[in-house]
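The structure appears right after this line, and notes come after that.
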Amino acid sequence: MKFRKSSTPAVFKPLRGSEIDGKRVRLREKKLSDVHNDYAWQCDAELSRFDAVQVLELPFALYLLDYSAELKKPRRTRFALGIDNLEGKHIGNCTCYEIDEKKNEAQFGIMIGDAEYRDKGYGRDAVNTMVDYVFQTTGLNRIYLKTLDWNLRAQKCFTGCGFTPCGETRRNGYNFVLMEMYKEQWEKGRSGNKGDEAH
């Protein structure tokens, strides 16, 4: 999928059925059929540990109600996509959230929920594909993220994809490394390193 360069404000437009093709993954809009995977992944203790969150204990019926409502009326400050492999299997999600149209920045998060696709380059490709899409189609100037200080694998991936450490923070008893990428960095270094796999 080719993108049109944008000088517009930091607004994400709906994909309306389109997909964003990477080398190993396709990014596409979230859909209701994702709910079973997303629920299982949020109930997974290992994934919760990497996200520094509590294992989800909400009954599926209530989770489904909230999930459906979010799909019908998504928040302007959040842009969530499903990650599929090239055969169309849903393997994870990536999201830009806390989108600030005044500062032209957003926070980024990714999860490869399907364990079969971790450590094989799918997460790395999803990061690169999402970053390319953001900087080519929106007015965002900065993408930032946080990762647990002990998650060296994720930090190596994000560094290889062009993110640079920019500080540390502590939240709810967890220590995080903050990382960022500016559009100018992306323009200069997109053809460089491609990083290793994130969790």
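Throughout, read-outs are computed from the coordinates displayed, never taken from laboratory work. What you are looking at is a predicted structure, and each value in this text was computed from that prediction instead of being measured. All Cβ positions, glycine included, derive from the backbone under ideal geometry; neighbour counts span all protein chains shown.
Quick notes
- Full-stretch length increase - Leu58, Ser18 - with 0.36 nm per residue and alpha-carbon distance subtracted: 11.2 nm
- Sites Asp149 and Ser68 - FRET efficiency at Förster radius 35 Å, r taken between beta-carbons, to 0.05: 0.45
- Which of Tyr67, Ala40, Asn104, positive extreme of dipole for the chain (C-beta unit charges): Asn104
- Least to most buried among Glu105, Glu184 (fewest other Cβ within 10 Å first): Glu184, Glu105
- Figure legend: label point modelled 7 angstrom from the Cα of Arg49 along Cα→Cβ; residues of the range 130-165 with amide N under 19 Å from it are 147-156.
- Going from the residue with the fewest nearby Cβ atoms within 10 Å to the one with the most, Phe50, Phe108 rank Phe50, Phe108.
- Positive end of the dipole of the chain (Cβ unit charges, origin at the Cα centre): among Leu152, Asn141, Gly113, the Cα lying farthest that way belongs to Asn141.
- Taking all Cα pairs closer than 8 Å and separated by 6 or more residues, the relative contact order of the range 1-101 comes to 29 percent.
- For the range 20-189, convex hull volume per residue from C-alpha positions, Å³: 123 Å³
- The lysine pair count for the range 77-169, using Cα distances under 23 Å and pairs eight or more places apart or on different chains, is 6.
- Taken about its Cα centre, the chain carries a charge dipole of about 800 debye when Lys and Arg each add +1 at the Cβ and Asp and Glu each add -1 at the Cβ.
- Neighbour counts of other Cβ atoms within 10 Å put Val55, Val134, Val35 in the fewest-to-most order Val55, Val35, Val134.
- Contact order for the chain, expressed relative to its length and based on alpha carbon pairs under 8 Å spaced 6+ residues apart, stands at 22 percent.
- If R0 equals 35 Å, the separation of the Cβ atoms of Glu116 and Arg78 corresponds to a calculated FRET efficiency of about 0.80.
- The packing ranking of peptides 83-89, 164-170, highest mean first, is 83-89, 164-170, where packing means the average number of other beta carbon atoms within 10 angstrom of each residue.
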